[in-house]
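A.B. asks: Following this message is one structure expressed as structure tokens.
The values are calculated or read from the model by the stated rules, or taken from the named source; none is laboratory data. Computed from a prediction, not measured in an experiment: that's the story for all the values here. Neighbour counts are summed over all protein chains in view; Cβ atoms, including those assigned to glycine, are modelled from backbone coordinates with ideal geometry.
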Amino acid sequence: MYSLSGWPGGGEIQAARASLPEQLTYKISYQGIFSGFIHLDIARADLRIAGETVKVAGRVAKVATLKVTTEPYRKAELLFPVRYQYRSWYEPEGENALLVTESLQADEISNEMIWFDRDEGVGHRYEVKATASDGGKRPPLELLQKFADLQVWPAVLEESHQQGIGRDEMFDHLSMMQRLRVLDLQPGQVLDLPVFTGKQLKNYRVVVTSEPIEGKAEESALLKLQIFSYDAAENDVGQKTYIWLSADDQRVPLRFYAERAFGYLEAVLESGESGGEPRSGFTPATNAFEQLESFYF
């Protein structure tokens with residue numbers, strides 16, 4: 001279960017929002033050591049939430065797909081071409097992750113799957129192998145059939161890691177974001193959310209604040225989420241990532257910012273559609289986004 005602190009009365013947060021289908025396009029930029037500390041646009045990211053639900057191991061699931069490519073940006077494409085796809089199947093209100101597929105084509109190629117076996121409380125990580133090994137464990141056939149539209153997936157997919165994850169709430173990174181979007185978040189809340197990466201269990205702390213927009217009413221303030229992982233002693237061990245959500249009922253992710261030792265990465269919404277409404281650049285509620293005093297750290 002996620003836990004709450006810094007929120008009067010505690011208790012469960014009421015679910016809300018997040019209409020389907022959804023298609024959002026982001027521009028990713030980088031500034032740091034590898035760019036000579038010059039701000040460069042390096043990739044396009046497309047996030048799609050399908051309008052229909054499917055079944056995964058007998059459970060109803062929504063599907064979110066993230067695709068990232070450097071193709072539109074010549075410098076990045078010449079230096080380090082990337083094709084990346086991450087797909088997450090999760091329960092309708094984001095209560096639990098059910099299945100993840102991940103495919104990366106860069107200097108190396110990797111393809112893997114993470115299965116959250118909710119009935120047994122076990123997480124399984126599978127990797128694509130060139131040839132089958134003796135005694136290698138395969139995922140259930142039903143899960144393999146989820147890859148029918150992904151030509152990158154060959155038949156040989158074998159287990160590389162297994163770990164108990166329990167039967168309480170458990171997320172992957174994308175379903176965690178979707179869960180945060182459907183909760184009725186308020187400034188001052190602090191949430192703890194568990195994530196299984198396929199290799200380890202991680203605890204993430206989410207601190208909710210608001211970011212006022214100059215010239216806008218207080219109720220138009222963006223939600224700003226500070227997210228970091230922490231160890232069992234509750235020491236801050238992870239580098240922080242920030243996500244800004246829109247002030248309307250859709251809670252659209254408008255901007256992501258992560259500062260690391262090698263520089264910072266930023267993704268800003270360019271266009272798309274959410275809740276049946278077009279999202280061309282920033283919405284009316286956020287068109288003064290660039291005026292925020294803390295837009296750059």
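Let's see how each residue does on (1) among the polar types (S, T, N, Q); (2) modelled with pLDDT of 70 or more; (3) surrounded by fewer than 20 Cβ atoms within 10 Å (Cβ to Cβ):
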| residue | (1), (2), (3) |
| --- | --- |
| 208 | no, yes, no |
| 214 | no, no, yes |
| 221 | no, yes, yes |
| 228 | no, yes, yes |
| 233 | no, no, yes |
| 236 | no, no, yes |
| 243 | no, yes, no |
| 247 | no, yes, no |
| 252 | no, yes, no |
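A.B. asks: May I ask you to verify whether residue 141 is among the hydrophobic types (A, V, I, L, M, F, W, C), modelled with pLDDT under 95 and closer than 21 Å to residue 58 by Cα?
C.D. replies: When the stated conditions are applied, residue 141 passes them.
A.B. asks: Could you list, ordered by first residue, the pairs with Cβ atoms under 9 Å in which the first is in the stretch 29-40 and within 17 Å of residue 77 (Cα to Cα) and the second is aliphatic (A, V, I, L, M) and part of a loop (DSSP other than H, G, I, E, B), at least 6 apart or interchain?
C.D. replies: Within 9 Å, the pairs are 31/38.
A.B. asks: Which residue is surrounded by the most Cβ atoms within 10 Å (Cβ to Cβ), if the candidates are limited to the stretch 113-138 and must be assigned to a loop (DSSP other than H, G, I, E, B) and at pLDDT 80 or above?
C.D. replies: 118
A.B. asks: List the number of the failed condition for residue 25; all other conditions in (1) under 19 Å from residue 103 (Cβ atoms); (2) assigned to a strand (DSSP E or B) hold.
C.D. replies: Checking residue 25 against (1) under 19 Å from residue 103 (Cβ atoms); (2) assigned to a strand (DSSP E or B), the one that fails is (1).
A.B. asks: Across the stretch 67-87, what is the total count of residues that are crowded, with 18+ Cβ neighbours inside 10 Å and in a strand (DSSP E or B)?
C.D. replies: Going through the stretch 67-87 one residue at a time, the tally reaches 5.
A.B. asks: When you go through (1) surrounded by 15 or more Cβ atoms within 10 Å (Cβ to Cβ); (2) modelled with pLDDT under 95; (3) not aromatic (Phe, Trp, Tyr) one by one for residue 52, which number turns out not to apply?
C.D. replies: Checking residue 52 against (1) surrounded by 15 or more Cβ atoms within 10 Å (Cβ to Cβ); (2) modelled with pLDDT under 95; (3) not aromatic (Phe, Trp, Tyr), the one that fails is (1).
A.B. asks: With respect to the numbered conditions (1) hydroxyl-bearing (Ser, Thr, Tyr); (2) closer than 24 Å to residue 260 by Cβ; (3) modelled with pLDDT under 95, which one is the sole condition not fulfilled by residue 84?
C.D. replies: Failing condition for residue 84: (3).
A.B. asks: Moving to a separate point now. Take the residues in the stretch 51-66 that are in a loop (DSSP other than H, G, I, E, B) and touching an Asp or Glu at 6+ places or on another chain (Cβ under 9 Å), then tell me which one is nearest to residue 270 (Cα to Cα).
C.D. replies: Here the answer is 51.
A.B. asks: Another question, then. Tally the residues that are under 21 Å from residue 120 (Cα atoms), of a type in the set (Gly, Ala, Ser) and surrounded by fewer than 16 Cβ atoms within 10 Å (Cβ to Cβ), restricting the search to the stretch 166-206.
C.D. replies: Within the stretch 166-206, residues that are under 21 Å from residue 120 (Cα atoms), of a type in the set (Gly, Ala, Ser) and surrounded by fewer than 16 Cβ atoms within 10 Å (Cβ to Cβ) number 1.
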